[in-house]
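Notes follow once the structure below has been shown.
The values are calculated or read from the model by the stated rules, or taken from the named source; none is laboratory data. If you're wondering where the values come from, they're calculated on a predicted model, not measured in any experiment. All Cβ positions, glycine included, derive from the backbone under ideal geometry; neighbour counts span all protein chains shown. All accessible areas refer to the heavy atoms of the entire protein, side chains included, with ligands and DNA or RNA removed. Shrake-Rupley method; radii C 1.70, N 1.55, O 1.52, S 1.80 Å.
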Amino acid sequence: MEVDSRSSWNTEDEYEKFIRRMNPPRVVIDNEACQNATVIRVDSANKQGILLEVVQVLTDLNLIITKAYISSDGGWFMDVFNVTDRDGNKLTDEGILDYICKSLGADSCFEPSLSGVGVESSSDHTSIELTGTDRPGLLSEVCAVLTDLKCNVLNAEVWTHNTRAAAVMHVADEVTNSSITEPERLLRIKELLCNVLKGNNKTREAKTVVSLGSTHTERRLHQMMFADRDYERSGLDHGDEILRPNVTVDNWYDKDYSVVTIKCKDRPKLLFDTVCTLTDMQYVVFHANIDAEGPEAYQEYYIRHIDGFPVNSEAERQRVIQCLEAAIERRVSEGLKLELCTGDRVGLLSDVTRIFRENSLSVTRAEVTTRGGKAINTFYVRDAAGNPVDPKTIDAVRQAIGQTILQVKGITDCSKSPQESPTRFLFGGLFKARSLYSFGLFG
């Protein structure tokens, strides 16, 4: 007898909705319980992925989680977070407090996590998701294709790790400044970008797929890089061991849990990054303790796989360690932080990165955003060899772009030695659009 999987899914979905109606989430926000942080408590019926949903809401508000206690043993989920704003202050903005209550409380409606990589449209932009092998000039080539197809890059975030690259880019038609919906044009975008991503690499897959739906940029980047197996190391980087996060996995046999401990330098969104990976690997967090009040963060998770078993082999243990290391390293930004703020225009990203190239700068990571007609971009740069940038070079770059437009924000720590970091090549060796055609890439 065949079972209709859609009917089964609908029944399960209706059951979850019923349980949620009978046991609505409860959110309590307390500014008196702790001297230096706002305490947020969330009680809810338990379900797979709920911890990530809660952490994602807090992270999207740019809140800093200094401590957390999680317990979800049984059918109930309880979370307690100590949070501050980015300046270390308690939360007092009524708008933010109300948003937290609505987003996590009885009226909340979390969207399911998305899978797949592709091109999707909303009313004002088309979202393009890409994965492939990192190489010099990759982002430049991608932008050249989009420029030739009359697409304007509104927002973009690109991560690279362990020779792999993933990007989520929001583009609009450069004439109408609206989303691109024509099937033939979307197919053309997909085909040309896929050609760029493949390059000369025949051993690793590149992905550009057309799909519809909403995306959470950082959530998708984690999913995309995990699916692309960026955690698989070549075996040639053992000299970098001391600089990696300290991740251990041990079994607590009396309770049938695996205990994951993580020690590394603290930074914003660290908790989100590690919870993303545990969720993607289909592990359930039953208990957790998080302490990030000092410069070093400590995370302890008591987990089982979704099948109910703890980590049960050395191979599985090593895979969990590698995947958590990768999740932490993906967002680490090397080099000098530069912020650009100016009026947005078509081709701005290509022009700025070309000036970086002409001054032998390599951008290790970038966040490109557009707000109210303004381009607000963040770049992390090193020299072409992966070393700290000469101040004279930065002066020359700022003179070319504009002293008031491009600001120096400080030096960030490196998690890898410059010689071994694959991310330094992301913007290195940028090519102009016409060069791509002269090489026959799109002939």
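Quick look at the values:
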item	result
Per-pair calculated FRET efficiency, R0 = 35 Å: LYS47 and SER313 via Cβ, rounded to 0.05	0.80
Label point distance in nm, THR248-ARG229, each placed 7 Å from Cα along Cα→Cβ	3.0
Extension gain from ASN36 to ASN177, taking 0.36 nm per residue of separation minus the Cα-Cα distance	46.3 nm
Length added when fully stretched, GLN399-ILE376, from 0.36 nm per residue minus Cα-Cα	6.5 nm
Rough spin-label spacing in nm, given labels placed 7 Å along Cα→Cβ, for LYS263 and ILE306	3.3
For GLU218, solvent-accessible area (1.4 Å; no DNA, RNA or ligand), Å²	20
For region 24-103, diffusion coefficient by Stokes-Einstein and Kirkwood Rh (Cα), 10 °C, 1.306 mPa s, µm²/s	124
Accessible area in the full protein assembly, largest first, 1.4 Å probe, for ASP124, ASP230	ASP124, ASP230
Where CYS34, CYS323 fall by accessible area, highest first, once all protein chains stay in place (1.4 Å)	CYS34, CYS323
Accessible-area order (highest first, 1.4 angstrom probe) of the listed residues THR342, THR163, THR131	THR163, THR342, THR131
Spin-label pair ASN387/GLN407, simplified geometry with 7 Å Cα→Cβ offset, distance in nm	3.0
Rounded to the nearest 10 Å², the accessible area of SER360 at probe 1.4 Å	70
Net charge dipole size for region 269-425 [Lys, Arg +1 and Asp, Glu -1 on Cβ; Debye, nearest 20]	700
Percentage, to the nearest whole number, of Cα pairs in region 290-416 over 27 Å apart	40
Kirkwood Rh in Å, taken over all unlike Cα pairs in region 244-339	13.9
Pairs beyond 28 Å (Cα-Cα), from LYS150/LYS269; LYS47/LYS67; LYS150/LYS198; LYS265/LYS337; LYS102/LYS409	LYS150/LYS269; LYS102/LYS409
Cα centre as origin, Lys/Arg/Asp/Glu Cβ charges: region 306-370 dipole, Debye	180
